[in-house]
Amino acid sequence: MARNWAIAIGINHYDSLKDLDYAKGDAEAIQKWCKNPNEGNFNRVFLFTGDSPDIPATPTPISTKPTYEIEELQQGAFTYALLEALRFQGTDNCATVERLYDRLRYRVSQIVQQYKNTSQTPYAVVEPATKYHLILLPQQATLRDAETLKLDAFREQMQQNYQLAEQFWIRVLAISPADRDAINGIKYLARLDFDRDRVSEDSRELRSFGAGSRYKYATSNRESGFISGDKIIANNSITTEFS
């Protein structure tokens, strides 16, 4: 199953920056949404505010851009837009990282312009770019979202990025638990793990014959054959040769 964790940080008082009025309340509002089983329903949520125990750390300088709190809303512009987007229903919902990011870029700027007559534009760094397609809100995701994830999963498998491929398949199953492609994809990755474990175990047994032994070794493997040192691994064969 896909697992969502969240970290909400809201600090009102700073030593070298301008104090804020609503940061703590913003973080608590995000925590409440994430923990609500009828909304975010996240697996784990961590909240850090000015009242939290100190965390040992070495302070490092960071570059900052102006962010705005809206007195009329009793919230920061970003938090207001974020909660609004997360609760947005319909076909244009913000179930994916990409749609959430697109809406925040538009909506935060609109709110700040309306109340402060200035600009604030959030930005995201998502690596690799395919993670823009990850599902944040499975209950609002569509089958079209699942199809996009399936294409990403196939692509990552072809490039042998198996861990990321598995993440995509799990997200597909969160939307459509009976999806045949996702089930087969998970089974395929499990077989790869089994084959790699078997190769590793057999290699350890062969090494027990002594470091001076020369051998060829091949075993069934669904990946392309490869050569590593004095070990030869190829498809669909099991051969050993010692001298």
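All of the numbers you see were taken from the coordinates with simple rules; none came from a lab. For clarity, every value in this text was computed on a predicted model and none was experimentally measured. Methodologically, a virtual Cβ is constructed for each residue, glycine included, from the backbone with ideal geometry; neighbour enumeration extends over all protein chains shown.
Spatially, the range 152-189 and the range 1-52 are offset by 31 Å when compared through their Cα centroids. Phi angles across the range 34-48 convert, under the Karplus curve 6.51 cos²θ - 1.76 cosθ + 1.60 with θ = phi - 60°, into 3J(HN,Hα) values of 4, 7, 5, x, 8, 10, x, 6, 6, 6, 9, 9, 10, 10, 10 Hz, Gly and Pro given as x. Loop-located trypsin sites (Lys or Arg not before Pro) across the range 118-157 with a Cβ neighbour count of 15 or fewer within 10 Å are lacking, with loop assigned by DSSP.
Grab the other residues whose beta carbon is less than 14 angstrom from that of Ser176, score K and R as +1, D and E as -1, and report the net. Net of charged neighbours comes to 0.
Of the GluC sites (Glu not before Pro) found in the range 28-80, those that fall in a DSSP loop while having at most 13 other beta-carbon atoms within 10 Å are Glu71, Glu72. Panel values: the range 1-52, Kirkwood radius from alpha carbon pairs, Stokes-Einstein at 4 °C and 1.567 mPa s, translational diffusion coefficient 110 µm²/s. Compute the signed sum of charges (Lys and Arg +1, Asp and Glu -1) over the other residues within less than 14 Å, Cβ to Cβ, of Phe48. Surrounding charge for Phe48 is -2.
For the range 1-33, the list of chymotrypsin sites (Phe, Trp or Tyr not before Pro) that fall in a loop by DSSP and count at most 12 other C-beta atoms within 10 angstrom reads Tyr14.
Legend: residue pairs Lys35/Lys116; Lys35/Lys150; Lys65/Lys116; Lys32/Lys150; Lys150/Lys187; Lys18/Lys116, Cα-Cα distance threshold 24 Å; pairs beyond threshold, Lys35/Lys116; Lys35/Lys150; Lys32/Lys150. Other residues within the sphere of radius under 15 Å centred on the Cβ of Lys32, judged by their own Cβ, net out at 0 (K and R +1, D and E -1).
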